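The values are calculated or read from the model by the stated rules, or taken from the named source; none is laboratory data. Since the structure is predicted, the reported quantities are computational estimates derived from the model, not experimental observations. Quick reminder, even Gly has a Cβ in these numbers, built from the backbone with ideal geometry, and neighbours come from all protein chains shown. These area figures cover heavy atoms from the full protein model, side chains too; ligands, DNA and RNA do not enter into them. Shrake-Rupley method; radii C 1.70, N 1.55, O 1.52, S 1.80 Å.
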Amino acid sequence: MKILRFHRIGGPEVLQFDEVPENKPQEKEVLFRVEAFALNQADILFINGMHYTQPNFPSRIGSEAVGEVVGVGSKVTKFKKGDRVTSIPFYTQDYGVQGEYATVPEMYLTKVPSKYSIEEATSFWMQYLTAYYALFKLGKVVKGDYVFIAATSGTAGQGALKLAKDAGAIVIGSTRTVVKKDFLFELGADFVIVTEEGNTLERLKEITKDKGVKFVFNPIGSTSFNQQYMSALSFGGSAAIYGLLDGELPIFPILDVVRNNTTLHGYSMFNYVMSEESLEEGKKYVLERIENGTLKPIVDKVFAFKDTIKAYNYMLSGKQKGKIVVKTEN
């Protein structure tokens, strides 16, 4: 079978298509023929050696895929041959789903939601579970809270916006330039800050007045950006950094934290899905909202398998307004 792997640290140029033998699923594993997979910013951090997960070379890549089950381990109870499944991202150095076939532990699979297309079915777990644990386990977000979602047009940002709005929060989005401003309002943002056009901190204080921001969902990471919102947090509020879009490791803002009794979290969804109880809680929350139509991912562009590296370069351009999906079959 043909799979996508990398043998050294770098950008998309280190990815290559390797032919490997098809593996047999172990006791609690499921083997499925991949129909499509989704790209994530986390994949770029992974191949750059800056991700929560560190690669073992040669390393497979990818965590979100959809396909048809072709084999199950002897202790698998939830799936059988012919089932169509979608995978949930988790901490792993041993699994990857970008290829013609993928093997995933039973715990990190669900059946494909009936209301979703192939492209949509491979595009929702990362964005919605990343947002779920951050908003409700770290941020304790409830109705009426102000939530600031940085770089909102990213898929995790979109997921956070939708879940925060569903919970009754007031959402402040941000985008670097005016190009995506209207798009964020269409997604449901109550306010949008264009960071290149003004002072983010002043705008946050103007919007939230005496109440302050309860929670910040931040994929940017840089120290300079953290300084643009920390003193706008409410007393006891918090922020979660879950990405490094600026490529800069942040410095801990100790004075801002102490002065207002706030908390700055280094956050990864993987810390929550390790626990089966926590994983099931998140899955239930998301699937209920998929079935009632509250959640529906936006698919920006679909690429052919042979063009996966082009797909990654497109993601790095920042032009997308939704998930980038690769289909292994026409």
Worksheet item: In µm²/s, what is D for the chain at 20 °C and 1.002 mPa s, where D = kT/(6 pi eta Rh) by Stokes-Einstein and Rh is the Kirkwood radius from Cα pairs?
Response: 106
Worksheet item: Once phi is turned into ³J(HN,Hα) by the Karplus curve 6.51 cos²θ - 1.76 cosθ + 1.60 with θ = phi - 60°, what whole-Hz value does each residue of the stretch 154-161 show in order, with x for glycine and proline?
Response: x, 5, 5, x, 4, x, 5, 4
Discussion item. For SER238, what residues show an amide H to amide H distance below 5 Å, using hydrogens built from the backbone and excluding near sequence neighbours?
Written reply: PHE215, VAL216, THR263
Worksheet item: ASP145's amide H: which non-local residues (gap 5+, or another chain) put their own amide H closer than 5 Å, with H modeled 1.01 Å from N in plane and none for Pro or chain starts?
Response: ILE170
Discussion item. How far apart, in nanometres, would the label points at ILE298 and GLU186 be if each is projected 7 angstrom from Cα along the Cα-to-Cβ direction?
Written reply: 0.6
Worksheet item: Of GLY96, GLY282, GLY293, which has the largest mean-square fluctuation in a 10 Å C-alpha GNM of the chain?
Response: GLY293
Worksheet item: Just from its helices, what would the mean residue ellipticity at 222 nm be for the chain, if runs of 4 or more DSSP H residues each count -39500 (n - 2.57) and the sum is divided by every residue, rounded to the nearest 500 deg cm²/dmol?
Response: -7000 deg cm²/dmol
Fill in: Amide H partners (placed H, <5 Å) of THR328, local residues excluded
ALA36, PHE37
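What percent does the relative contact order of the chain come to when contacts are Cα pairs within less than 8 Å and at least six residues apart?
Relative contact order of the chain: 16 percent.
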Discussion item. Quick one: 3J(HN,Hα) in Hz for the stretch 128-143, Karplus 6.51/-1.76/1.60 with θ = phi - 60°, rounded, Gly and Pro as x.
Written reply: 7, 6, 4, 6, 4, 5, 5, 5, 9, 9, 8, x, 6, 5, 9, 3
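Quick check: residue separation of GLU27 and ARG176 times 0.36 nm, minus the Cα distance between them. What number comes out in nm?
48.9 nm
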Worksheet item: Looking only at the stretch 260-292, which residues have a backbone nitrogen under 15 Å from a spot 7 Å from the Cα of ASP210 in the C-beta direction?
Response: none
Worksheet entry | Residue-by-residue Karplus 3J(HN,Hα) for the stretch 35-41, coefficients 6.51, -1.76, 1.60, Hz, glycine and proline x | 9, 7, 9, 10, 9, 9, 4
Worksheet item: With every protein chain left in place, what is the accessible area per residue of the chain in square angstrom, probe 1.4 Å?
Response: 43
Response to the item:
The extension gain from ASN271 to ASP166, computed as 0.36 nm times the residue separation minus the Cα-Cα distance, is 35.4 nm
Worksheet entry | trypsin sites (Lys or Arg not before Pro) within the stretch 251-330: DSSP coil, no more than 12 neighbouring Cβ in 10 Å | LYS319
Discussion item. If I take every Cα pair under 8 Å that is 6 or more residues apart in the stretch 68-149, average their sequence separation and divide by the length, what percent do I get for the relative contact order?
Written reply: 23
Discussion item. Leaving out ligands, DNA and RNA, and with a 1.4 Å probe, what % of the accessible surface on the chain is carbon or sulfur?
Written reply: 50
Worksheet item: Once the other residues with Cβ under 10 Å from the Cβ of GLU120 are scored (Lys, Arg +1; Asp, Glu -1), what is the net sum?
Response: +2
